[in-house]
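> Starting off with a structure, shown below.
The values are calculated or read from the model by the stated rules, or taken from the named source; none is laboratory data. Nothing here was measured: the structure is a model prediction, and the numbers come from that model. Note that we place each Cβ from the backbone using ideal geometry, even for glycine, and neighbour counts take in every protein chain shown. The protein model used for the area step is the full one, side chains on, heavy atoms only, and it has no ligands, DNA or RNA in it. Shrake-Rupley method; radii C 1.70, N 1.55, O 1.52, S 1.80 Å.
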Amino acid sequence: MALGYNEEEAMAEARRCLKCPSPTCTKGCPVQIEIPAFIECIKKGDFDGAIAKLKEKNNLPGITGRVCPQELQCENECIFKKRGAPIAIGALERFAADYELKKGVKIPEKAKSTGKRVAVVGSGPAGLTAAGDLARLGHDVTVFEALHLPGGVLVYGIPEFRLPKSIVKAEVEYVSRLGAEIRTNTIIGRTLTVDDLFETGYDAVFIGTGAGSPWFMRIPGENLNGIYSANEYLTRCNLMKAYSFPEYDTPIHRGKRAVVVGGGNAAMDAARTALRLGGDEVHIIYRRSRDEMPARLEEVRNAEEEGVQLDLLTNPTRYLGNKDGWVERVECLSMGLGPPDESGRRRPVPMKGSEFLTPIDVAVVAIGQGPNPLIAQTTEGLKVGDDERIIVDEFGKASRDGIWAAGDIASNEGTVIHAMGNAKKSALAIHEYLMK
Amino acid sequence: MNEIIETKELSSSVKMFRVKAPEIAKKYKAGQFVILRVNEKGERIPLTVADADAKNGTITIISQEVGKTTAMLGQLNAGDRLQDLVGPLGKPSEIERFGQVIVIGGGVGTAVAYPEARALKNAGNKLISIIGARNKDLLVFEDEVRAISDELHITTDDGSKGHHGFVTDVLKELIEKRVTIDRVIAIGPAIMMKAVANLTRPHRIKTVVNLNPIMIDGTGMCGACRVSVGGQTKFACVDGPSFDGHEVDYDLLMTRLRMYMEQEKVAMKQLTKADH
């Protein structure tokens, strides 16, 4: 597990940066942080300057420093990448953010009140970003959160060992201190509708409700006891603190032999959680090869270091249970790799007759999730695509006037940084719309 | 918000709470539920809303003590506040003029069935109600149901009131007597709903049941509440909680409801220890 740099280590790493005249790292960043400029500040020991530079483009550096897939973005473009060791941009970002957090986050100057009201739906990465930017621009912002705690996927999905909840709490506080009101336990689409929001005086609505609807494989036995979606497994632990049962009331089934199906970050998180819940043997089952795994490289490494075993080119076909309805075994098929599919990745092809059974007592299905349809179903004139995502233009504007959307509810990029980048664009577009 | 205005004991283990929740009260329709937490370390549990008063901004919920959370809820009184309360959740029940309907409530299910029965009565249906419990002390909402029913049957397992036996005995008799039945709504323990569905299936009497699986968020995010209906996996929180009674896999529902039986015992033991 990465523990983070101290000042000397950070400055030493920063000194490696060549300050390329036309920096490719910045191009690799979805929100175009001026990376060489913030690294230069760290090099000089001007950590306040570094955090100011980061925050020009990114409200939540403490979070993205930990959860961005840097090896596919900024660090992938670093000139040192070819020689094998790119500048550790993510770790430097995290260092600057943690420095600020320790010192106390300064609230930037706010624009004069515009008298305009904006409703932000969802308090995950997209919602917090839009809320922060809009509040700073002088708008009266209310954030609506369905759960009892704000933070969205940052609190229910990502475990403490990867993203400490104190950091999410600090980011939420930052948005509140900017003047945004955060209302938990309010489901837009049920408690209030988008139309109610307009009727009660909101001038614009930003939707950042994420991708909260878990997918299952629809294979036999998937509803046996002991089989969870990654969302449920992680929510029980992260949001409800089931790892502290019975001090906390929410229970979770602690398995000795766990399998997690999928190759993304949620799969890695679930596998590492299963180890922490007392799993002796935890396997990740993934139908493609290591190269195709969508998880951050660091997460795969961390999982393996901790003892998670990767069963690659393997796909579950059914679960078998005991007489009490508990999962007892999983049947898998071995896969070969065929020619590339639409995603450009080589298509996994089942190998006939390769079925084998593995004894298990817990399984977590982490094969992805779709958008929650509640808002689309209850909002007249809001167009969604075949994938049920809200259709938006490049600034996040939806088909109905006054509504914007960003993050996983509007695109399938699936990373915190993309959600934040698009939310920033939406916030600016909303600002222009309100000030017209 | 979330303040308890009034409580009332309906039986030794069933308690009614009127809670301040203006937004939920305004949106609520029969068949919907809420999710609540009793305290900061508490779990999220779904409870059906038995009534709502939009004018006064209150909802009525009914809880039967079955574990630690409901036991802690039972200790709350007027003036206390629920930690969290969110809703209304789930799809509202189908309310239309079907003709003659039979509403069956088992145990605390009677209170859950009441708002739907009342809505059906108000929609112009003739209403036959069958309510049952293990014994007469566990019967709830008897007067309320009587007031809206054209015909009321009471059953108790031990014969302490009404028919000595099950709600299905009465239903079977009505079917055999060829009483017109345009729709049956059954709300109660899974085993009761299963028995009702088995009775009505051969006669092709449309039967709607209201399922009560374990839930966390109640918005379709976790999938804890998955049920099998007509061979398809559904999320009771957003696809339900009402489903076609003839298509539900009740055995799966009952198995999944038992998932945390061991932990529930541990939690309950801890609570009783803390009380002494």
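> Might you let me know whether region A:134-141 holds any residue that is part of a helix (DSSP H, G or I), over 19 Å from residue A:396 (Cα atoms) and open to solvent by 10 Å² or more (accessible area, probe 1.4 Å)? Please lay out each step first, then the result.
The initial filter retains those residues of region A:134-141 that are part of a helix (DSSP H, G or I), namely A:134-136.
Next, only the ones that are over 19 Å from residue A:396 (Cα atoms) stay: A:136.
With the extra rule that they be open to solvent by 10 Å² or more (accessible area, probe 1.4 Å), the set shrinks to A:136.
Yes, region A:134-141 contains at least one residue that is part of a helix (DSSP H, G or I), over 19 Å from residue A:396 (Cα atoms) and open to solvent by 10 Å² or more (accessible area, probe 1.4 Å).
> Say whether the condition of being part of a helix (DSSP H, G or I) and at pLDDT below 95 is met by at least one residue in region B:148-157. Please lay out each step first, then the result.
Pass one, region B:148-157, residues part of a helix (DSSP H, G or I): B:148.
Okay, now just the ones that are also at pLDDT below 95, so none.
No, region B:148-157 contains no residue that is part of a helix (DSSP H, G or I) and at pLDDT below 95.
> How about region A:258-295: which of its residues are in contact with a Ser or Thr (Cβ under 8 Å, 6 or more places away or on another chain) and either among the aliphatic types (A, V, I, L, M) or under 18 Å from residue A:224 (Cβ atoms) (or both)?
Let us first name the residues in region A:258-295 that are in contact with a Ser or Thr (Cβ under 8 Å, 6 or more places away or on another chain), namely A:259, A:283, A:285-287.
Once the filter is applied, which keeps residues that are in contact with a Ser or Thr (Cβ under 8 Å, 6 or more places away or on another chain) and either among the aliphatic types (A, V, I, L, M) or under 18 Å from residue A:224 (Cβ atoms) (or both), region A:258-295 yields A:259, A:283, A:285.
> Kindly indicate whether any position in region B:142-152 is under 30 Å from residue A:377 (Cβ atoms) and surrounded by fewer than 21 Cβ atoms within 10 Å (Cβ to Cβ). Walk me through how you get there before you give the answer.
Going through region B:142-152, the residues under 30 Å from residue A:377 (Cβ atoms) turn out to be none.
Among the residues of region B:142-152, not one is under 30 Å from residue A:377 (Cβ atoms) and surrounded by fewer than 21 Cβ atoms within 10 Å (Cβ to Cβ), which makes the answer no.
> Do we have any residue at all in region B:89-106 that's in a strand (DSSP E or B) and within 14 Å of another protein chain (Cβ to nearest Cβ)? Walk me through how you get there before you give the answer.
Going through region B:89-106, the residues in a strand (DSSP E or B) turn out to be B:89, B:100-106.
Adding the requirement that they be within 14 Å of another protein chain (Cβ to nearest Cβ) leaves B:89.
Within region B:89-106, one or more residues are in a strand (DSSP E or B) and within 14 Å of another protein chain (Cβ to nearest Cβ).
> Which of the residues spanning region A:108-131 are more than 25 Å from the chain's Cα centre (by Cα) and either of a type outside the set (Lys, Arg) or open to solvent by less than 10 Å² (accessible area, probe 1.4 Å) (or both)? Please lay out each step first, then the result.
Initially, region A:108-131 is screened for residues more than 25 Å from the chain's Cα centre (by Cα), giving A:108-117.
Within region A:108-131, A:108, A:109, A:111, A:113, A:114, A:115 meet the criteria.
> Could you list, in sequence order, the residues of region A:191-241 that are part of a loop (DSSP other than H, G, I, E, B), over 16 Å from residue A:253 (Cα atoms), open to solvent by 30 Å² or more (accessible area, probe 1.4 Å) and free of Cβ contacts under 8 Å to residues at least 60 places away in the same chain?
Selection gives A:200, A:218.
> Another one. Would you mind telling me which numbered condition in (1) basic (Lys, Arg); (2) open to solvent by 10 Å² or more (accessible area, probe 1.4 Å); (3) out of contact with any strand residue (DSSP E or B) (no Cβ under 7 Å at 6 or more places or on another chain) residue A:287 fails?
If we test residue A:287 against (1) basic (Lys, Arg); (2) open to solvent by 10 Å² or more (accessible area, probe 1.4 Å); (3) out of contact with any strand residue (DSSP E or B) (no Cβ under 7 Å at 6 or more places or on another chain), just (3) comes out false.
> Exactly one condition in (1) without any contact (Cβ under 8 Å) to a residue 40 or more places away in the chain; (2) assigned to a strand (DSSP E or B); (3) among the polar types (S, T, N, Q) is false for residue B:60; which is it?
Here residue B:60 clears every test but (1).
> Go through A:357, A:434 for me and flag whichever is buried (at least 16 other Cβ atoms within 10 Å of the Cβ) and over 29 Å from residue A:69 (Cβ atoms). It would help to see each step written out before you state the result.
Numbers: A:357 fails: buried (at least 16 other Cβ atoms within 10 Å of the Cβ).
Among A:357, A:434, only A:434 is buried (at least 16 other Cβ atoms within 10 Å of the Cβ) and over 29 Å from residue A:69 (Cβ atoms).
> Would you confirm whether any residue within region A:241-261 is modelled with pLDDT of 95 or more and under 17 Å from the mean Cα position of the chain (by Cα)?
no
> OK, next. Could you pull out the residue among A:221, A:307 that is on the phi > 0 side of the Ramachandran plot and more than 14 Å from chain B (Cβ to nearest Cβ)?
Working: A:221 fails: more than 14 Å from chain B (Cβ to nearest Cβ).
After ruling out the rest, the residue left standing is A:307.
> While we're looking at this one, here's another question. Condition (residue is in a loop (DSSP other than H, G, I, E, B) and open to solvent by 50 Å² or more (accessible area, probe 1.4 Å)) applied to region A:329-339: is it met by at least one residue?
Let us first name the residues in region A:329-339 that are in a loop (DSSP other than H, G, I, E, B), namely none.
So far as region A:329-339 goes, no, none of its residues is in a loop (DSSP other than H, G, I, E, B) and open to solvent by 50 Å² or more (accessible area, probe 1.4 Å).
> Taking region A:1-42 only, how many residues are open to solvent by less than 60 Å² (accessible area, probe 1.4 Å) and at negative phi? First the steps, then the outcome.
Just the residues of region A:1-42 that are open to solvent by less than 60 Å² (accessible area, probe 1.4 Å), to begin with: A:2, A:4, A:10-14, A:17, A:20, A:23-26, A:28-31, A:33, A:35-42.
Adding the requirement that they be at negative phi leaves A:2, A:10-14, A:17, A:20, A:23-26, A:28-31, A:33, A:35-42.
Residues flagged as open to solvent by less than 60 Å² (accessible area, probe 1.4 Å) and at negative phi within region A:1-42 amount to 25.
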